[in-house]
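Undergrad: Below: one structure in C-alpha cells.
The values are calculated or read from the model by the stated rules, or taken from the named source; none is laboratory data. Nothing here was measured: the structure is a model prediction, and the numbers come from that model. Note: ideal-geometry Cβ built from the backbone for every residue, glycine included; neighbour counts use all protein chains shown. When the accessible area is computed, the model is the full protein with side chains, heavy atoms only, and any ligands, DNA or RNA have been set aside. Shrake-Rupley method; radii C 1.70, N 1.55, O 1.52, S 1.80 Å.
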Amino acid sequence: MKPTGVNRYAPFVCLLLWSTGVFSQPNQLAKKDTLMWFVGTWQSKTVFKADSNYITGGAAGATVTVQPDGSTSIQSPDGQKFNQQIDQGLNAGDDALNNLKQQISSEGLGQYRLYTFTKEQIDSAKAWFQRLKLPDGSSSNSASPTPLSRFVGSLANYCETVKSDYDAVDQFCKAHRGMKHEHFDYPDPPKADYFNCWGCQHDAQKTFVAASQAYVPTFFVPEQDLVTKALAIMKNLQRIGRDNPWADQGPDIQPTIDSLWQHHRNDPSKNGPCEYLSFSVMVEDVVFLVQRMLNKADQLLDDVDKSNDYNAIYPAILVNLEAYRKCEQIGGFGSVSGQNNFERCRALDQKLFSKMADNLLSKHYWSYLASIPVLYEIAKEIQLLGGDANDNVLQQVNAATHFTLSLDLNAGLDFQGHGTYTTHLIGKARIVAEMDSISCIRFVLDEGENVISMHLEENRMSLQKCSPQYTGTYTYISPQPVLNIDLCKGAADTLTLARFSARPAKAGTWVDPCGGPPPASGINGVDGYFIDPNTVMKQAQNIKSNASANSAQMQDMIAKLKQQAAAIKQQFAGGGGGMDAGTATSIKKIQDMANTAMNSQISQLSRLVLPVTVTNNQTTLINQVIHATDINTNAQATQMIKYCVLTIQLKSTPQ
C-alpha cells in the first residue's frame with residue numbers, strides 16, 4: 001500500500017531497518033520496482049538502485065544490497081553527506097583550546113590541570129560525535145537462513161506462535177492511531193546540575209553521561225519493541241512473497257503457502273492458521289510507530305526548550321541525534337528534517353553555554369571557574385553540530401581565570417614611653433585559578449612569580465636616644481602564599497602567608513648611631529603580631545603528640561619528591577630541551593607536594609593564617625581589613641599596638 005501525502009515525521013521510518021533488513025521482490029508488471037519505501041529498479045537479484053523513496057522523495061542514488069541472510073545494507077549520497085558533515089565538525093580547529101595551551105606555555109604550569117581537564121572534556125565530545133558516523137554500508141553475513149522448503153513446513157506453527165506479537169503491535173496502533181495531538185508520557189530524562197558547582201561534581205558528571213546514554217533506548221519503550229516484532233514478521237512474510245501478489249514459489253511450495261492463508265468468508269473456522277497475517281497492516285503499523293517515536297522525541301525537545309530545563313538538554317539532544325542517525329542509516333530519510341534537528345540541538349546547547357558563560361563573566365559567580373572544562377565541551381558540541389565555536393567567549397573565559405592579590409601592611413607600635421615604631425609594606429602578585437582533584441578549584445601564584453613582591457614604603461624607629469636608621473633594601477617578599485577558597489562546599493576560607501622578609505634576607509639592615517653592630521632585623525617581626533602565640537602553642541603540642549605520624553608523613557613526602565625529581569631527570573636525559581606532557585605532569589606533582597607541605601601543621605607554626613571572606617557576584621572577591629588585635633590574644637604584645645592592620649584584596653584582572 002502506497003501512502004499518500006508527506007508527513008513531516010515520515011523521514012524517520014529509517015528506524016524500520018534498525019535491526020532487520022526487509023525487501024521486496026521486483027514487480028515484473030510495473031515500470032518501477034519497490035523495495036519497502038524505495039522506488040527504483042533491481043539491478044540484479046540482490047542489488048536494488050533507488051530513484052527515490054515514496055515517503056519523502058529523497059534517497060536518490062541509494063544502492064541497497066540484499067545479503068544472503070535476508071538483511072540489507074544501504075549506501076546513499078545522503079549518508080555520505082551526513083558523514084561529511086560530521087567530519088567537518090571533527091576537523092574544525094580547536095582554536096580556543098590552543099589559545100589556552102599557548103597561554104599556559106607562556107606563563108608556566110600554573111594552569112596545567114585546567115588545560116588537561118579541558119582537553120579531556122573536548123576529546124569526550126569528539127568521541128561521542130565520532131560514534132554518530134554511519135558505517136560504510138557493508139554488513140557481515142550471519143549464518144545461512146533456513147532453506148525455504150523447511151521454513152514453509154513450519155509455517156503453521158510459526159503463525160500460531162507469532163499471533164500474540166502481531167496482535168500486540170496492531171492493537172496498540174489501533175488504540176493510539178485515532179488520538180490527535182497526543183501528549184506522550186515519556187520517562188523523565190536524567191538531569192545534570194549545571195548551576196550548582198557542576199564543575200566540582202566529577203563523579204556526578206560521569207554518572208549523568210552514562211545515564212543519559214542509557215536513557216536513549218528506554219525513551220522509545222514500548223514503540224521500539226513493537227517495531228522490532230513487526231519487522232521480524234515482515235521479514236518472514238517477505239521470504240515467502242506475501243507482500244507481492246505476483247510472487248510464485250513454484251508448484252512444490254506455493255500451494256502449501258496458499259492453504260495456510262486460506263480465507264473462508266462464511267466459516268472462519270476453516271481459515272488457514274496464517275490467514276490473519278497481513279503484510280500491509282504491519283507496514284502501516286510500523287510507519288505509525290516510528291512517526292510516534294519521532295513525535296515523542298520532538299515533544300521532549302520542545303518541553304526542554306519551552307521550560308528552559310537546561311539540566312535535561314544533553315539527553316534530549318542524544319535522543320534526537322540518534323533518531324536522525326538512524327534516518328540516514330537507511331539512506332535519504334534524514335535529509336528532509338535532519339538539518340533542522342541539528343539546528344535545534346545546537347540552539348539548545350547554545351542557550352546552556354550562554355547562560356553558564358554569563359554567570360561567570362557578567363554575574364561573576366566564581367564557582368563557575370570549576371565549570372570551564374564543561375563550557376569548552378559544550379562549545380565543542382555546538383561546533384560539531386555546525387555552529388559557531390564561541391572562540392571569543394572562550395577567550396574571555398580564559399582571561400577570567402586571572403586575579404591580582406594585593407597586600408597592605410601598616411603598623412604602628414608604642415613601646416610604652418620608650419619610643420615608637422612605624423612600618424608600611426605594600427605589594428601584589430598575579431594569581432590564577434587552577435583545577436584541583438581534591439579542592440576542585442585552587443588559587444595559585446602565576447608561574448611567572450614565585451613570591452609576593454612587597455615594597456617597603458616606610459620603616460622608622462624613634463627612641464629616647466640612639467634611634468636606629470633603616471639603611472637596608474626596600475624590596476621584601478612573602479613566598480608561596482596559600483589561598484584556600486571553597487566556592488562550593490561552604491568551608492572556611494583562609495589566606496596563609498609566609499613571614500615578610502627582605503630580599504636578600506640579610507639586606508634589611510639598620511644603623512645604630514650609638515655604635516652597635518648594624519642589625520638585619522628588617523621590619524622587626526611586626527608581621528608576627530598576626531600570629532596568636534596561644535594557638536601556636538596548641539599546634540606545637542599536637543605536633544609533639546603525633547611526632548611519629550608527622551615524621552612518617554615528611555619522610556614519605558621526601559621520598560616522593562626524590563622519585564619525581566629522578567623522573568624529570570630521566571625525561572630530560574634525551575636532550576631536546578622541550579617539555580613534554582610527562583615532564584609537565586611530574587613538575588606539577590612536585591608543586592602539589594610542596595603545596596601540601598605548606599599546609600602541613602609544622603609549616604603553619606611560623607605562618608600567618610588569616611581568615612578571609614569571599615564575596616560572590618563582584619569583580620573583587622576579597623576586600624578585607626584584618627587587625628592584629630583580632631587574632632593575637634597575647635595581652636603583653638597587643639598593649640604595644642597602636643595600629644597593626646593588614647588589608648587584603650583579591651580582584652579579578654582578566655588578561
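Undergrad: Per 0.36 nm of contour for each residue apart, how much would the distance between A232 and Q299 grow if the chain were fully extended, relative to their Cα-Cα spacing?
TA: So the chain would gain 21.3 nm between A232 and Q299.
Undergrad: To continue, here is another question. Calculate one ³J(HN,Hα) per residue across segment 627-639 by plugging θ = phi - 60° into the Karplus curve 6.51 cos²θ - 1.76 cosθ + 1.60, and present them in order as whole Hz with x for glycine and proline.
TA: Using θ = phi - 60°, the values come out as 9, 4, 5, 7, 10, 7, 9, 7, 4, 4, 6, 6, 6 Hz.
Undergrad: Which pairs, out of K119/K380; K81/K126; K174/K270; K191/K380; K229/K270; K119/K206, put more than 22 Å between their alpha-carbon atoms?
TA: Those over the limit are K174/K270; K229/K270.
Undergrad: Report, ordered by chain and residue number, the aspartates and glutamates lying within cross-link reach of K506, taken as a straight Cα distance under 20 Å and ignoring same-chain residues fewer than 8 apart.
TA: Straight-distance partners of K506: E457, E458, D527.
Undergrad: Ordering D305, D94 by how much accessible area each has at a 1.4 Å probe, largest first, what is the list?
TA: So the residues, ranked largest to smallest area, are D305, D94.
Undergrad: Distance from the Cα centre of segment 419-434 to that of segment 306-326, in angstrom?
TA: 52
Undergrad: Once the whole set of protein chains is in place, how much accessible area is left on K191, using a 1.4 Å probe, in Å² to the nearest 10?
TA: 110
Undergrad: Quick one: length gained pulling A168 to T256 fully straight, 0.36 nm per residue minus the C-alpha distance?
TA: So the chain would gain 29.0 nm between A168 and T256.
Undergrad: Can you tell me the order of 470-483, 253-266 when each peptide is scored by its average per-residue count of other Cβ atoms within 10 angstrom, highest first?
TA: 470-483, 253-266
Undergrad: Does a label point 7 Å from the Cα of N617, set along Cα-to-beta-carbon, have any residues of segment 342-368 with amide nitrogen under 20 Å, and which are they?
TA: Residues passing the 20 Å test: 355-368.
Undergrad: Let me ask something else about it. Determine how large the accessible area of W198 is when every protein chain is in place; take a 1.4 Å probe and give Å² rounded to the nearest 10.
TA: Ignoring ligands and nucleic acids, W198 comes out at about 10 Å².
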